[in-house]
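Read through the structure below, which is laid out as structure tokens, and then see the notes.
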Amino acid sequence: VEIKTNDYYEVEELTHSIPYLVPEAANLLEDIGKNFQDSLKNLNASIYKIKVTSVTRTVADVKKLRKRNTNSSLNSAHQYGTTFDVSWVRLNIDKDRLKMVLASVLRDLRRADRCYIKHERKQGCFHITAREL
């Protein structure tokens, strides 16, 4: 399904991917955005949208990206429509606090067996893969 900027997340301009995910991954992304905003409300913090920076990649996208990103793999999980990246660097104000809130939301979803999470420090994002239910 196509994903688009909405109340819970912003799809940034994509240069090496296309904005499509399998339905389970699209639902996970929406739940992450909702849970993130709920957590911010509970902390009496300003409300922000999460920033989606990478979604599904074609084989050509992967080849092109590998030329400039050493983290990119020929067998990238992004090729299956199950994986997306959410930036913690681009969270604007108070990014360290917002990163910890987002990490907590992701931890809870991982513990519920909804996803796998990889913290990509060099890229400033969380690499998230939906699990089959």
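The values are calculated or read from the model by the stated rules, or taken from the named source; none is laboratory data. The shown structure was predicted, so the numbers you read here are calculated from the model rather than taken from an experiment. Reconstructed Cβ throughout: ideal geometry from the backbone, glycine too, with neighbour counts over all protein chains shown. We work out accessible area using only protein heavy atoms, side chains counted, and drop any ligands, DNA or RNA first. Shrake-Rupley method; radii C 1.70, N 1.55, O 1.52, S 1.80 Å.
Couple of notes before you dig in:
- Residue that is nearest to Leu28 (Cα to Cα) [pool: residues in region 66-88 that are modelled with pLDDT under 65 and open to solvent by less than 40 Å² (accessible area, probe 1.4 Å)]: Ser72
- Among the residues of region 106-133, just one is among the aliphatic types (A, V, I, L, M) and open to solvent by 100 Å² or more (accessible area, probe 1.4 Å), namely Leu133.
- Single residue of region 1-10 satisfying the filter (open to solvent by 30 Å² or more (accessible area, probe 1.4 Å) and of a type outside the set (Ser, Thr, Tyr)) that is nearest to Asp94 (Cα to Cα): Glu10
- Of the candidates Leu14, Leu43, Leu28, Leu21, the single residue that is out of contact with any Ser or Thr (no Cβ under 8 Å at 6 or more places or on another chain), open to solvent by less than 80 Å² (accessible area, probe 1.4 Å) and at pLDDT 85 or above is Leu28.
- Residue check, Val59 over 14 Å from Leu14 (Cβ atoms), at pLDDT below 90, open to solvent by 40 Å² or more (accessible area, probe 1.4 Å) and in contact with a Gly (Cβ under 6 Å, 6 or more places away or on another chain): no
- Some residue of region 95-105 being open to solvent by 30 Å² or more (accessible area, probe 1.4 Å) and at pLDDT 95 or above: yes
- Region 3-28 residues that are of a type in the set (Phe, Trp, Tyr), paired with ones that are in a strand (DSSP E or B) (beta carbon under 8 Å, 6 or more apart): Tyr8/Ile50; Tyr9/Ile50; Tyr9/Lys51; Tyr9/Val52; Tyr9/Val86; Tyr20/Glu2; Tyr20/Thr56
- Residues of region 92-128 satisfying the condition of being part of a strand (DSSP E or B) and touching a residue at least 60 places away in the same chain (Cβ under 8 Å): Cys115, Cys125, Ile128
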